[in-house]
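Let me begin by presenting the structure, written as structure tokens, before commenting on it.
Any read-out appearing in this document is the output of simple, stated calculations on the displayed coordinates, not a laboratory observation. Every value quoted in this text rests on a predicted model; they were computed, and no experiment measured them. Glycine also receives a Cβ, built like all others from the backbone with ideal geometry; neighbour counts cover every protein chain displayed.
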Amino acid sequence: MKEYDHKKIEKKWQDTWEKKGIYHAQDKSKKPKYYALIEFPYPSGDGLHVGHPRPYIGMDVISRKRRLQGFNVLYPIGWDAFGLPTENYAIKTGKDPRVVTKKNSDTFRRQIKSLGISFDWSREVNTTDPKYYKWTQWIFLQFFKKGLAYKAKMKINWCPKDKIGLANEEVVDGKCERCGTVVEQREKEQWMLAITKYAERLDKDLDGVDYLPQIKLGQRNWIGRKEGAEIEFDNIKIFTTRPDTIFGVTFVAIAGDTDRFTGRYVTNPATKEKIPVWEAQYVMGDVGTGAIMGVPADDERDKAFAEKYKLPIIENYPKAGFEDYGKKVTRFKLRDWVFSRQRYWGEPIPVIHCESCGIVPVPEKDLPVELPKVKNYQPTDSGESPLANIAKWVNVKCPKCKGPAKRETDTMPNWAGSSWYYLRYADPKNNKEFASQKNLKYFTPVDWYNGGNEHTTLHLLYSRFWHKFLFDQGLVPTNEPYMKRTSHGMILGEGGVKMSKSLGNVINPDDIVKIYGADTLRLYEMFIGPFDQSAAWSTESIIGSRRFLERVWNLQYKVEKNKKYTEFKIEKTIKKVTEDIETMKFNTAISALMIFINDLGGVDSVSKDVYKKFLQILSPFAPHMTEELWTILGEKKSINLSAWPTFDENLIKDEEIKIVVQVNGKVRAFMSVQAGDSEEYIKAEVLKKADILKYIEGKNVKKIIYVPNRLINIVL
Ligand code: ANZ
Ligand code: ZN
């Protein structure tokens with residue numbers, strides 16, 4: 001007997017698969033396509049920890065199953081590599097961020113490859129590659145040409161530590177999402193993207209996609225669609241969702257830094273009474289019209305305000321019809337997207353400022369505008385990008401009038417490259433278009449996208465916006481980018497605390513792969529708990545997953561080629577695994593596999609047919625070992641090229657049925673039987689049941705009536 005040597009097996013198959021390009025999606029195929037997507041990682045200097053691969057393995061299970069089901073699967077990966085951590089590291093060490101990015105992504109790639117994820121590495125993209133960001137810049141220019149990218153003086157959220165402007169989405173409880181520093185407000189010229197133009201569709205079109213309910217809700221709340229009315233109190237326009245309360249209005253309030261009476265009065269259009277105009281802190285300048293009508297009797301905040309400043313409160317007032325005073329309007333909470341950063345490590349915004357022509361887009365033939373090499377990556381305290389100091393790069397001729405002009409020195413936020421990367425995967429080497437229409441038509445939309453909950457209001461919303469815009473320009477074939485969206489829970493450290501460097505509880509997958517093997521790690525991460533919930537790592541439990549694989553391995557020595565297979569039915573297990581994978585219940589799929597092996601424990605031999613089917617349904621979880629066993633069984637082609645086992649529904653029906661047990665016509669108990677059990681057998685068994693014995697002990701059983709699959713009646 002050969003022992004299960006994961007080191008040899010895993011290396012061997014990873015090399016073979018790579019050499020044969022077995023996981024490459026075909027641009028042209030008779031098979032239907034399936035596009036599975038994970039959020040491409042940011043290649044950090046710390047390398048992978050065991051939390052990273054959880055979604056990769058989850059979607060890998062789906063992808064592998066789809067291949068066996070006959071699909072031409074696109075399961076790509078790349079690097080979302082612009083952004084602050086690399087830039088801050090460059091500032092500290094003076095190293096070129098390009099070099100740092102290369103090193104980090106090399107590490108990530110090596111680590112991910114060691115897990116046997118079936119990514120199509122031939123389609124790898126990197127957002128910091130000029131060949132890639134050329135198209136990010138090109139798409140920006142399409143926004144610009146349509147007036148959806150514009151410059152505005154804005155109060156922006158400013159992180160004084162990172163020296164960077166933040167989008168609202170990046171501010172959590174008034175603090176910088178990255179470093180926790182309290183955010184300040186600064187007035188600055190910024191590039192904006194007009195996402196609000198798409199607010200209505202971003203909300204409405206959620207109806208047509210299959211996202212988890214909490215993801216839809218998260219987006220809807222963020223977009224904040226609200227129907228209400230605008231009503232004019234003389235020259236002050238207010239926004240209300242309750243125009244019916246207009247007879248209860250006792251004051252009007254406009255947004256202000258302090259609460260104070262303005263000295264002015266306006267007329268209530270319903271009552272024609274004069275009411276005072278206040279400035280109030282609780283009225284937000286950028287919500288609605290920035291002014292409200294105060295109804296202290298029916299609104300908590302208005303009531304608190306009225307009590308504090310001794311304003312009248314009208315308790316009983318007639319309700320108006322919703323339509324009587326109002327111009328009906330729809331309002332959104334969503335704001336336009338602050339799209340520029342004054343930092344180095346991002347895509348340069350491809351426009352030129354000319355004194356006579358104004359803002360001129362860089363001509364398409366001059367794209368990409370490449371990031372120049374600099375000596376110092378430090379952002380300036382005045383808030384200007386380090387690019388502003390490179391006169392040679394900044395000073396250019398205006399493309400229109402050839403007069404002296406200056407390049408824009410702002411760069412794009414780290415959300416830019418990820419807003420369209422899934423389109424590039426369809427045609428990653430194209431240097432004429434961001435992707436050909438033919439490939440886009442074939443591969444998109446993404447069929448299933450799994451990613452982190454933290455991206456619900458950021459990346460997921462941004463990329464839907466870009467996609468809709470591209471759709472409107474006729475550049476992508478569908479209105480939505482992703483048909484289905486799910487999310488995964490985090491993997492926590494031992495004992496349920498977050499894995500972090502400072503706590504010293506980070507588990508490096510390299511160590512696990514070395515000791516237990518990639519298949520064990522994969523199986524364990526899928527078995528650790530419900531996929532959508534957080535789960536705590538336990539090195540002790542990983543041994544259980546390893547033992548299970550060893551048992552599967554050893555079963556090869558019990559295989560009998562000609563054995564007629566009767567005693568063990570695998571159909572139930574096939575059904576369970578087939579269905580559970582579809583709902584990402586990976587943990588229960590694996591328990592079904594484990595139960596099957598347990599039940600097999602005692603037998604002397606197993607039929608080859610059953611064993612092969614078992615290997616096939618285990619293969620998405622443990623691809624290396626199953627491939628090895630498949631070959632040992634004499635198969636010439638990869639298990640990945642085999643067909644997902646189907647099952648005879650009739651054999652499945654052969655399941656437990658609950659029947660009613662009566663004694664003299666009275667229901668006394670229930671009994672589980674197999675549909676295939678004979679009447680004789682059931683009649684004998686029922687008389688042995690403890691909860692029946694007490695009714696019949698010492699009595700004479702006259703007859704037993706059996707109604708198949710329904711009831712059994714013992715007549716005394
Ligand atoms: C009168 C009124 C009567 C209102 C009432 C509510 C209840 P919600 O409630 O969250 O859907 N509002 C409008 N613009 C505002 C602003 N710029 N800053 C602060 N509050 C503002 O939000 C809609 C309500 O929020 C609006 O309807 C308005 O108060 C207030 F019994 O008008 B209401
Ligand atoms: Zn000019």
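For this structure, a couple of remarks:
- Net charge over other residues, Cβ less than 11 angstrom from the Cβ of ALA416 (K, R count +1; D, E count -1): -1
- Peptides 511-524, 89-102, 34-47 ordered by average Cβ neighbours within 10 Å, highest first: 511-524, 34-47, 89-102
- Three-way shape call for the range 655-715 based on the alpha-carbon gyration tensor, with the a/c threshold at 1.5: prolate
- Full-stretch length increase - ARG110, LYS373 - with 0.36 nm per residue and alpha-carbon distance subtracted: 91.9 nm
- Across the cross-link table entries LYS237/LYS333; LYS11/LYS636; LYS373/LYS498; LYS658/LYS683, which are compared at the Cα atoms, the separations over 26 Å belong to LYS373/LYS498.
- For the range 100-203: rounded, prolate or oblate by the Cα gyration tensor [a/c cutoff 1.5]: oblate
- Helix 53-68 and the longest principal axis of the Cα set of the chain meet at an angle near 60°.
- Think of the chain as a dipole: +1 on every Lys or Arg Cβ, -1 on every Asp or Glu Cβ, centred on the Cα centre; then among GLN437, TYR516, TYR133, GLN437 lies furthest on the positive end.
- The angle between the Cα long axis of helix 459-472 and the longest principal axis of the Cα atoms of the chain comes to about 70 degrees, rounded to the nearest 10.
- When each of PHE621, PHE670, PHE108, PHE531 is scored by the number of other beta-carbon atoms lying within 10 Å, the sequence from fewest to most is PHE670, PHE108, PHE531, PHE621.
- Rounded Å value of the spacing that divides the Cα centres of the range 1-46 and the range 282-302: 57
- Neighbourhood net charge (13 Å Cβ-Cβ; Lys/Arg +1, Asp/Glu -1) for SER385: -1
- Nearest 10 degrees, 0 to 90: helix 130-145 Cα axis against the chain principal axis: 50
- Summed residue charge, Cβ within 13 Å of ILE91's Cβ, Lys/Arg positive, Asp/Glu negative: +3
- Residue order, fewest to most surrounding Cβ atoms within 10 angstrom, among ASP298, ASP162: ASP298, ASP162
- Which of ARG54, ARG710 has the fewest Cβ neighbours within 10 Å, and the rest in rising order: ARG710, ARG54
- Shape category assigned to the chain from the gyration tensor of Cα positions, a/c cut at 1.5: oblate
- Value at 222 nm in deg cm²/dmol, rounded to 500, when DSSP H runs of n ≥ 4 in the chain each add -39,500 (n - 2.57): -9500 deg cm²/dmol
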